[in-house]
Every structure is written in C-alpha cells, then in structure tokens.
Amino acid sequence: MKKIVCLSLICIFLVGASSVAAAGKFSIGGFAGLNIPIGQEDMGNGTLFGVKGRVLLLPFLGVEPNFVFSQYGDKEHNVGGETMTREGGDITSFGADAVFGSFSGFSQARFYGLLGINSNTLKREKIPDQTRLGLSFGAGIEFLPTDVFSIEVRARIHAISLDGGGGRDNLELTAGLNYYFGPE
Amino acid sequence: MDRKKFNRKYLWLLPLLFVAAVSGCWLFSGTWVIIYAVDKEDIDTSEHFHKFTVDLTKESVWQDHKDDLDNIEDVAFTFKLINPFLSPATGQVYVSSDSTLSDSAAVASSATIILDGITIPGGDSIHVTMAHYYDLLQNFETLRGLVKSGVFTAYALVPAPLAIELRNVVVVVTFSAGL
C-alpha cells in the first residue's frame with residue numbers, strides 16, 4: 001500500500017511539474033491553522049502548519065503538492081478521581097490535492113473544492129509510529145488583492161487509515177498566503 | 001435540462017463519491033475511551049500475588065460499538081502499590097487471556113509481561129500514573145491483541161517473601177470503531 005501511495009504521489013507531482021511550462025502559472029505558499037479531531041475522545045484540538053505549491057493545469061483544475069505538520073492537543077482523563085494527561089501526538093503528512101474551481105483570470109475571489117491523497121506518519125508517545133494512507137477533501141476561498149499575492153482560507157477533512165483497522169478523521173481549518181509565478 | 005448543465009451541477013459530488021469508495025469504512029471511524037475501575041473486591045490477593053480480570057464487555061460503550069470495533073488504539077493501567085516491608089520490592093505486571101493461573105511460576109511462563117521494574121521503596125507506596133505507566137510499558141502489541149477480545153486477566157507480582165498491597169486500579173482503554 002505504501003508503494004502505491006508513493007507512486008501515486010510521484011505521478012501526480014510529475015504530471016503537475018511537467019505541466020508548469022504548458023500551464024504557465026504556479027504558486028507557492030504557506031498556511032497554518034487548527035487541527036480538530038472528529039469523533040476522537042482521546043485527542044484534543046491542536047494546531048498545524050504547512051507549505052504547498054499549486055500548479056494550474058487547466059483553467060478549472062490544479063494540483064497542489066503539500067507538506068503538513070499537525071499536532072493533536074493533549075487529552076485529560078479523570079482516572080479514579082485524579083486528572084491524568086495523555087499526550088496527543090502528531091502527524092507528518094505529504095501528498096497532493098487536486099483543486100477544482102474557476103482559476104482563470106484574476107477575479108477578486110475564487111471558490112474551489114479539493115480532493116487529495118497523502119502519506120501520513122503518526123507519532124504518539126510510547127506507541128509505535130505508523131505510516132498510513134490518508135485522503136482529504138474540502139473547500140476553500142482565495143482572495144487576490146494583487147496579481148501575484150493571494151490570501152486563502154480553507155476547510156479540509158483529512159481522514160487517515162490506521163494500522164489494524166479504523167481511522168482518524170480531522171477537520172483542518174487554515175489560512176494562508178500564496179505567491180504566484182508565471183504569465184496569465 | 002441540457003446535458004452540459006446536468007454534468008456541472010453534480011460535478012462536486014464526484015470527489016465525495018471517490019473518497020467514500022476508496023477509503024471504505026475508515027473514513028467514518030471514531031475513537032472512544034473506557035475508564036474501567038477495578039473494584040477492590042475483584043482483586044484476588046495473596047500477599048505477593050494479585051490478579052484481577054478486566055471485562056470490557058459489560059461496559060455500555062463497548063456494547064454499543066463491539067460489532068464495528070476496528071482496533072485497540074491505547075491501553076493504560078494506573079494503580080497504587082503499598083510496600084509494608086522495610087526492604088524495597090520490585091514488581092511486575094503480566095496479562096493473559098487465561099484467568100486460572102494461580103502462582104508466580106505459571107504467570108511467568110505463560111502470561112505476557114507488560115510492566116517491569118516497578119520499584120516500591122520499603123515501608124512506602126507508589127502511584128503508577130499514566131505518565132509513569134508508559135515509561136515502563138512493553139509488549140504493547142500483545143496487550144492490544146488481548147484487550148481486543150474484551151476480557152483479559154492481569155497479574156501483579158513481587159518476589160516472595162515480599163508482599164504488596166494493590167489499590168485503586170484503573171484501566172484506560174481507547175478503541176476505534178466505525179461510526
């Protein structure tokens with residue numbers, strides 16, 4: 001499974017990279033925000049930050065290779081009348097999202113959806129690390145006050161499979177900045 | 001409705017359908033925590049040998065999700081140990097699916113050790129908290145497998161002729177299951 005994920009990511013990246021010249025427009029950017037575990041009683045809310053590129057392949061389609069570091073918040077449990085804290089752990093993720101929306105022209109606001117695949121390394125104190133497949137989907141809005149800078153906010157569901165079954169689902173709420181290169 | 005408009009209108013559904021199809025059940029998965037307090041009366045004690053059985057199947061949260069149980073994510077034991085002797089004692093905790101082991105030799109030969117090197121100073125007590133527990137934990141994968149069955153027995157030992165008192169035992173189990 002790990003090989004399939006890696007090969008898929010490489011293919012997506014190569015397709016994206018080879019299309020830069022043809023598409024003529026790409027961006028790099030950074031983002032940060034909240035990582036909110038969904039339906040996970042053993043984790044608290046944490047933070048995340050990451051970097052990504054965006055290669056516009058078509059007027060309505062782009063590819064975003066990305067690297068994200070997320071943390072879960074610690075969780076307090078009432079154990080026999082005493083409060084004990086369990087460390088939340090963290091996720092290091094790299095992957096690619098396909099973004100689809102209207103990317104032609106420099107309209108003031110662009111709405112888009114996204115769908116991605118990623119490889120995730122989950123670490124938690126005293127538990128063996130595991131590297132697992134993840135999928136993501138969500139939506140965002142990007143504002144372009146100038147021709148080259150953009151500000152965006154997005155909500156992304158990041159679902160990660162776990163070794164032995166089950167998964168961890170997270171809601172990622174982020175804001176970021178992008179810088180665009182290339183001709184229109 | 002013309003064909004072009006129809007396609008665009010429902011295009012946004014395709015990614016969601018793709019994600020749901022590829023991910024299977026783990027996209028709709030959650031984790032739950034059971035804090036299982038072991039009653040003092042349920043601890044079978046004979047000075048240097050203590051055992052208790054954890055039966056998660058009686059817990060309502062377990063019952064609610066047992067049919068969709070995916071995995072045991074985490075297991076922690078917390079407890080207090082009291083050493084009435086003047087000399088220090090070193091304790092161990094084992095787990096097994098067999099609840100009939102009746103002496104230290106049988107436990108050491110057929111159960112799985114999960115905590116070793118618990119030192120209780122002479123005439124003193126220690127509280128093994130979650131933080132302390134993880135420092136001592138070993139054979140985590142075997143422990144997870146045992147807990148997944150829902151019922152297992154833990155054995156706490158100190159070398160004879162030393163004796164300890166075992167109190168305030170709580171087992172914290174985190175499991176994942178489909179929503």
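A compact table of results
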read-out: Eligible aspartates and glutamates near B:Lys148 by straight Cα distance, threshold 13 Å, same-chain separation 8 or greater; value: B:Asp55, B:Asp67, B:Asp68, B:Asp70, B:Glu73, B:Asp74
read-out: Under Karplus coefficients 6.51, -1.76 and 1.60, residue-wise ³J(HN,Hα) of segment B:153-158 in Hz, glycine/proline x; value: 10, 10, 10, 10, 10, 10
read-out: Carbon and sulfur %, accessible surface of segment A:2-181 computed with the full protein complex present, 1.4 Å; value: 68
read-out: Mean Cβ count within 10 Å, highest first, over the residues of peptides A:166-173, B:36-43; value: A:166-173, B:36-43
read-out: Pairwise FRET efficiency - B:Ser102 versus B:Asp67, Cβ, R0 = 30 Å, nearest 0.05; value: 0.30
read-out: Scaled radius of gyration (Cα, divided by 2.2 N^0.38 Å) that segment B:125-166 gives; value: 1.42
read-out: Distance from segment B:129-155 to segment A:37-74 (C-alpha centre basis), Å; value: 33
read-out: Segment B:29-178, dipole about Cα centre (Lys/Arg Cβ +1, Asp/Glu Cβ -1), debye to the nearest 20; value: 220
read-out: Cleavage-rule hits, GluC sites (Glu not before Pro), segment A:118-154, DSSP coil, Cβ neighbours within 10 Å at most 14; value: A:Glu125
read-out: Long pairs among A:Lys123/B:Lys40; A:Lys75/B:Lys80; A:Lys123/B:Lys80, criterion Cα-Cα beyond 25 Å; value: A:Lys123/B:Lys40; A:Lys123/B:Lys80
read-out: Dipole of segment A:137-184 [Lys/Arg +1, Asp/Glu -1 at C-beta], most positive-end residue of A:Ser161, A:Leu173, A:Ala139; value: A:Ser161
read-out: Buried on assembly, segment A:79-123 (at least 40 Å² less accessible surface than by itself, 1.4 Å probe); value: A:Val79, A:Met84, A:Arg86, A:Leu115
read-out: Computed lengthening from B:Asp39 to B:Ser87, 0.36 nm per intervening residue step minus Cα-Cα distance; value: 14.5 nm
read-out: Cβ-based charge dipole, segment B:29-178, positive-most Cα from B:Thr100, B:Leu137, B:Phe152; value: B:Leu137
read-out: Per residue solvent-accessible surface (Å²) - segment B:29-178, probe of 1.4 Å; value: 41
read-out: Span from the segment B:52-76 Cα centroid across to the segment B:161-179 one, whole angstrom; value: 13
read-out: Set of aspartates and glutamates with alpha-carbon distance to A:Lys52 below 13 Å, sequence-local pairs under 8 removed; value: A:Glu64, A:Asp97, A:Glu152
read-out: Radius 9 Å from Cβ of A:Phe137, net charge of other residues (Lys, Arg +1; Asp, Glu -1); value: 0
read-out: Within segment B:88-105: backbone nitrogen closer than 18 Å to the B:Thr53 label point (7 Å, Cα to C-beta); value: B:94-103
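The values are calculated or read from the model by the stated rules, or taken from the named source; none is laboratory data. Because the structure is a prediction, the values reported are computed rather than measured. No Cβ is skipped: glycine too gets one built from the backbone with ideal geometry, and neighbour counts run over all protein chains shown. Note: areas computed on protein heavy atoms with side chains; ligands, DNA, RNA excluded. Shrake-Rupley method; radii C 1.70, N 1.55, O 1.52, S 1.80 Å.
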